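Step one of this worksheet: look at the structure below.
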């Protein structure tokens, strides 16, 4: 139906979202940036340590798994964002460098 699958606000979600208590909530700025980088590189999985917890993100099943508790939650990418058909970088650790303008 109309508006189905859209995020909060006009035009759909611009951030990665997680399903909490049957509602879609935006990830915070830091985690959203990490997820977008990993997703757009094209790997099916990513692991991160955030907020004192270890998480695995599965971009094929669209799940976040807390590796300490085993808790799984559904995630979804920003509206219209799709990963590349093949990974852009080989598997392994990724270092993100921010260069000031």
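The values are calculated or read from the model by the stated rules, or taken from the named source; none is laboratory data. The model shown is predicted, which means the values in this text are computed figures rather than measured ones. FYI the Cβ positions are ideal-geometry reconstructions off the backbone, even for glycines, and counts take in every protein chain you see.
So here's what we get for this one:
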item	result
Residue selected from the range 2-24 under the condition at pLDDT 75 or above and farther than 11 Å from residue 76 by Cβ, by the criterion surrounded by the most Cβ atoms within 10 Å (Cβ to Cβ)	14
Test result for residue 70, on the phi > 0 side of the Ramachandran plot, part of a loop (DSSP other than H, G, I, E, B) and at pLDDT 75 or above	yes
Hey, residue 80 modelled with pLDDT of 85 or more, exposed (fewer than 14 other Cβ atoms within 10 Å of the Cβ) and assigned to a loop (DSSP other than H, G, I, E, B) or not	yes
Members of the range 31-67 found to be assigned to a strand (DSSP E or B), surrounded by 15 or more Cβ atoms within 10 Å (Cβ to Cβ) and free of Cβ contacts under 8 Å to residues at least 12 places away in the same chain, listed by number	65
